[in-house]
1. Of the conditions (1) within 30 Å of residue 35 (Cβ to Cβ); (2) modelled with pLDDT under 75, residue 122 fails just one. Which one is it?
2. Need the failing condition index for residue 126 against (1) exposed (fewer than 10 other Cβ atoms within 10 Å of the Cβ); (2) touching a residue at least 24 places away in the same chain (Cβ under 8 Å), just the number.
3. Condition test on residue 107, is it in contact with a strand residue (DSSP E or B) (Cβ under 9 Å, 6 or more places away or on another chain) and surrounded by fewer than 12 Cβ atoms within 10 Å (Cβ to Cβ)?
4. Taking the options 269, 273, name whichever one is surrounded by fewer than 16 Cβ atoms within 10 Å (Cβ to Cβ), outside any helix (DSSP H, G or I) and within 17 Å of the chain's Cα centre (by Cα).
5. Just the residues that are modelled with pLDDT under 80 and closer than 17 Å to residue 23 by Cβ, please, taken from segment 70-119.
6. Which members of segment 405-427 meet the condition of being closer than 30 Å to residue 552 by Cβ and surrounded by 16 or more Cβ atoms within 10 Å (Cβ to Cβ)?
7. Can you give me the number of residues within segment 69-97 that are assigned to a helix (DSSP H, G or I) and either in contact with a helix residue (DSSP H, G or I) (Cβ under 7 Å, 6 or more places away or on another chain) or surrounded by 10 or more Cβ atoms within 10 Å (Cβ to Cβ) (or both)?
């Protein structure tokens, strides 16, 4: 029983799931069962067809014939295709006809015969058959027309054959030419590739520089060179970028001018600074076959080392020149400054040797005084030489102590008043409430003596020399003013140079070292010196020392001027002869 139910279940599944339309009718032609494919094909619902005559699904023009066919099949039932060699049509619910292919079968249950109709919609097949038939008909027509055309064109074919032979001959000639041209083009391309490879190889291995090509927008289109590796620059970072992106605005105009010359067909050479390197570049125009310059090649070398060597050589030559000038000045100054006191000593000593009587004692004292003065003058010159030598060699020790400014100024006045000219007076003005300062007494006194000595030397008789000091919490100031001959404007920039003397002091004794010594002493104190001067009206020197600098030195042990406690290389960097 169970197996029978399973078989019926499978039969129903096949009935309803098959893609062919299936209709089951009884002997009377009434529809008793229909599957979904048939319903969809005919446009009916299941309930609309059950119990209806199958003739409602065939065209009205063949309904009578169909009933006869049905009766004949019921009389002699057997499985067969219906309408062999005939065109069968079915009618949908909307009364439209469509071609079908029908197969019939039957089964018997009890005394009743049932007919199974398998229906296939052959609309697409019919259309294809009609298309084939139409195409066949058209082909037959075309074949006939071609036959006629063939007869007409046989002569033309003969004529065309001759023309074609000529064309073929020409094509053969053209082909030979093309083969030759292609071979030449291939050789040219190979040569170009070789040249390009050489071009890249030269660029990549170009020593101590680079080779670059730029378009008219100043953009890199090619760059290779050893310098890129040295600078750790990737060429990919540069290609397509503007050359001007790597330079300051001050360089851009200069570079563009040289590039513009190259684009105008002119070769140029220029220098530039790139990533702290000095570079020398040759801008070469690259013309195409029409003579148009659309690209410029830049052949660049790193000349940093060469620049440094030239600069060092220039500095060395400048130092040598300065040293020679100093030597010349020293020889000139020494020969002049030593000759006068030595001549005085020689003449006075000769005269003294001639005085024999007591009546000549006054004359002897006078000449002895002249000899002492000349010796003091020579001593002063030698002291200047000794001071400058110690300063240059860094052998001046800084020994701070508490100094009373009023007392040291009075001490300097007392010593210098002796050398003053007739009517000259030294005036001291000590300002501020602070009278003492911790400083190197020897250095301070030398500064005051040198400035006061110059004021006396370059001022006329009956003029005053003013020494002013001022101490506050932040700075110590010294100012020495005279009303002398002044300093010519053109000489002022050289005033602190070694052995320099202004052009208006040729008749006044001096070594040209005093102000240079003062400047170096002031540097040693960490201070500044400045001056104002009006020609033939006088000069004023002002020294300012920061108290904090002095306090910093006060806490240090005495040491020579080369030690870092006094500023080290920075302090003495400008003191070389």
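1. That leaves (2) as the condition not met.
2. Every condition holds for residue 126 apart from (1).
3. On the way: in contact with a strand residue (DSSP E or B) (Cβ under 9 Å, 6 or more places away or on another chain): yes; surrounded by fewer than 12 Cβ atoms within 10 Å (Cβ to Cβ): yes.
Yes: the conditions hold for residue 107.
4. Details: 269 fails: within 17 Å of the chain's Cα centre (by Cα).
Matching residue, one of 269, 273: 273.
5. 79, 80, 81, 82, 83
6. If we filter segment 405-427 for residues that are closer than 30 Å to residue 552 by Cβ, which is where we start, we get 405-412.
Result: 405, 408, 409, 412.
7. Quick first cut of segment 69-97, residues assigned to a helix (DSSP H, G or I) only: 69-75.
From what's left, either in contact with a helix residue (DSSP H, G or I) (Cβ under 7 Å, 6 or more places away or on another chain) or surrounded by 10 or more Cβ atoms within 10 Å (Cβ to Cβ) (or both): 69-74.
Residues in segment 69-97 being assigned to a helix (DSSP H, G or I) and either in contact with a helix residue (DSSP H, G or I) (Cβ under 7 Å, 6 or more places away or on another chain) or surrounded by 10 or more Cβ atoms within 10 Å (Cβ to Cβ) (or both): 6 in total.
For every residue, the table says whether it meets (1) at pLDDT below 90; (2) closer than 19 Å to residue 535 by Cα.
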| site | (1), (2) |
| --- | --- |
| 455 | yes, yes |
| 458 | yes, yes |
| 465 | no, yes |
| 470 | no, no |
| 476 | no, no |
| 480 | no, yes |
| 485 | yes, yes |
| 493 | yes, yes |
| 499 | yes, no |
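The values are calculated or read from the model by the stated rules, or taken from the named source; none is laboratory data. Please read all numbers here as calculations on a predicted model, not as lab measurements. With ideal geometry, Cβ positions are generated from the backbone for all residues, glycine too; neighbour counts draw on all protein chains shown.
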